[in-house]
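Here the structure is laid out as structure tokens; the discussion comes afterwards.
Quick note: the coordinates plus some simple rules give every number you see, no bench work behind them. Keep in mind the model is a prediction, meaning the values are calculated, not measured. Neighbour counts run over all protein chains shown; Cβ positions are idealised from the backbone, glycine included.
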Amino acid sequence: MSTSRSASSSATGRPHFQDELRELEQRTLGAVDIVLEQLDRTLEALAHQDAVIERVTRTVAERISVGERLAALGLHVADSQANFCWVALGEQHDEQEVTRGLRERGVLVRGGSALGSSTPALRVTYGLPEENTRFLDALAEVLQPATTH
């Protein structure tokens, strides 16, 4: 038996790894707490499944509505399952002018160039119906001069 092992042995000859066991216990309990918290959230969501389905349905309806209105403005929208869409502005629109025009109208979006796009684009987060309408109306105003040339 090594010196360090014999120094940590009990009268019965079994080694004591109390520090290691305490550390393992703390890590395990921490992991269990995380799993239990996630389980609580999942059960809470399941308890309100109707509300979740309603919210998802409204979000999908807004996604479709916004996509249709953007297409009516002559813009291409990438397919998305997220809470935002990627709108290709086309070469006929200056991205900075569009984002500036929207900002002047109280609408904030991210320009595609800020996210690495080499072509004019916008990253638009879906909002409530009235927020989406405000964005779409403002965008139509901003694009109006560019489409009348």
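Tabulated data
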{"item": "Potential lengthening between Arg55 and Arg105 on full extension [0.36 nm per residue; Cα-Cα distance subtracted]", "result": "15.2 nm"}
{"item": "Gyration tensor (Cα) of the stretch 22-97, equivalent ellipsoid semi-axes in angstrom", "result": "43, 20, 7"}
{"item": "Computed [θ] at 222 nm, deg cm²/dmol, the chain (DSSP H ≥ 4; -39,500 (n - 2.57); rounded to nearest 500)", "result": "-20000 deg cm²/dmol"}
{"item": "Cβ-derived FRET efficiency at R0 22 Å, Glu97 paired with Leu73, nearest 0.05", "result": "0.90"}
{"item": "Average projected area [Cα convex hull, the chain], square nanometres", "result": "16.7 nm²"}
